[in-house]
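Student: Input: one structure, supplied below.
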Number of protein chains: 2
Amino acid sequence: MGQLDHVDLDLAVVLHALGDPIRLALVHRMAEDGESACSPDGVDAPRSTLSNHWRILREAGITQTRQIGKARLMTLRRADLDACFPGLLAAVLAAVRR
Amino acid sequence: MGQLDHVDLDLAVVLHALGDPIRLALVHRMAEDGESACSPDGVDAPRSTLSNHWRILREAGITQTRQIGKARLMTLRRADLDACFPGLLAAVLAAVRR
């Protein structure tokens, strides 16, 4: 899955990954629901587009993925993000919710 | 100068503008020194490259520019950023300084 260890988290890469309205919507969905399927309700984009956005989030170390049967479920790596960049995810989520 | 009013600040645009190592270095320099010239010490990139990075920061609403003679001096729009996205700039700067 190309999931990163938290020691690899890079601030510029994480900010770049967050810097897109669809990816912010995906991050918001995970924050609200705990986890998200590939094509969550309320995020209107083609599946192939979403797949690319999920890849960018995963490769930046923002999400982790678990497979249940045919479904992939994504969650935020809150602990790793908070350890590397204290307060960043909270500030981003607060701004998304405004 | 294409400077934005703070009501126009967009979270995805601001995060995308911050999501680059050179632009993070420029933001760090302004935070440390109060303002920055176009080619600050310690940021190693061609002037044309820096000019493009400054444009992205300015158009995102992260910086404002004043002209003194031939020099342009850039400052962070801290108040506007803090008003729109409380805690975001502080979290980013703390992460840059680590």
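Student: For residues in segment A:18-35 being acidic (Asp, Glu) and touching a residue at least 24 places away in the same chain (Cβ under 8 Å), which is surrounded by the most Cβ atoms within 10 Å (Cβ to Cβ)?
Tutor: A:Asp20
Student: While we're here: Take the residues in segment B:36-56 that are within 14 Å of B:Ala71 (Cα to Cα) and small (Gly, Ala, Ser), then tell me which one is surrounded by the most Cβ atoms within 10 Å (Cβ to Cβ).
Tutor: Across segment B:36-56, the extreme among qualifying residues is B:Ser36.
Student: I want to confirm something. Restricting to segment B:5-31 and keeping residues that are out of contact with any Asp or Glu (no Cβ under 7 Å at 6 or more places or on another chain) and modelled with pLDDT under 95, which single residue is nearest to A:Val14 (Cα to Cα)?
Tutor: Residue satisfying both the conditions and the ranking: B:Asp8.
Student: If you go through segment A:40-48 one residue at a time, do you hit one that is in contact (Cβ under 8 Å) with a residue 40 or more places away in the chain, over 23 Å from B:Phe85 (Cα atoms) and of a type in the set (Asp, Glu)?
Tutor: No, the conditions are met nowhere in segment A:40-48.
Student: Of all residues being out of contact with any Ser or Thr (no Cβ under 7 Å at 6 or more places or on another chain) and modelled with pLDDT under 95 in segment B:43-65, which is nearest to B:Arg29 (Cα to Cα)? Just the residue, please.
Tutor: The residue in question is B:Val43.
Student: Among the residues of segment A:67-78, which ones are in contact (Cβ under 8 Å) with a residue 12 or more places away in the chain and exposed (fewer than 14 other Cβ atoms within 10 Å of the Cβ)?
Tutor: Across segment A:67-78, the qualifying residue is only A:Ala71.
The values are calculated or read from the model by the stated rules, or taken from the named source; none is laboratory data. Bear in mind that the values here come from a model prediction, so they are computed numbers and not experimental data. Don't worry about glycine lacking a Cβ; one is built from the backbone with ideal geometry, like all the others, and counts go over all protein chains shown.
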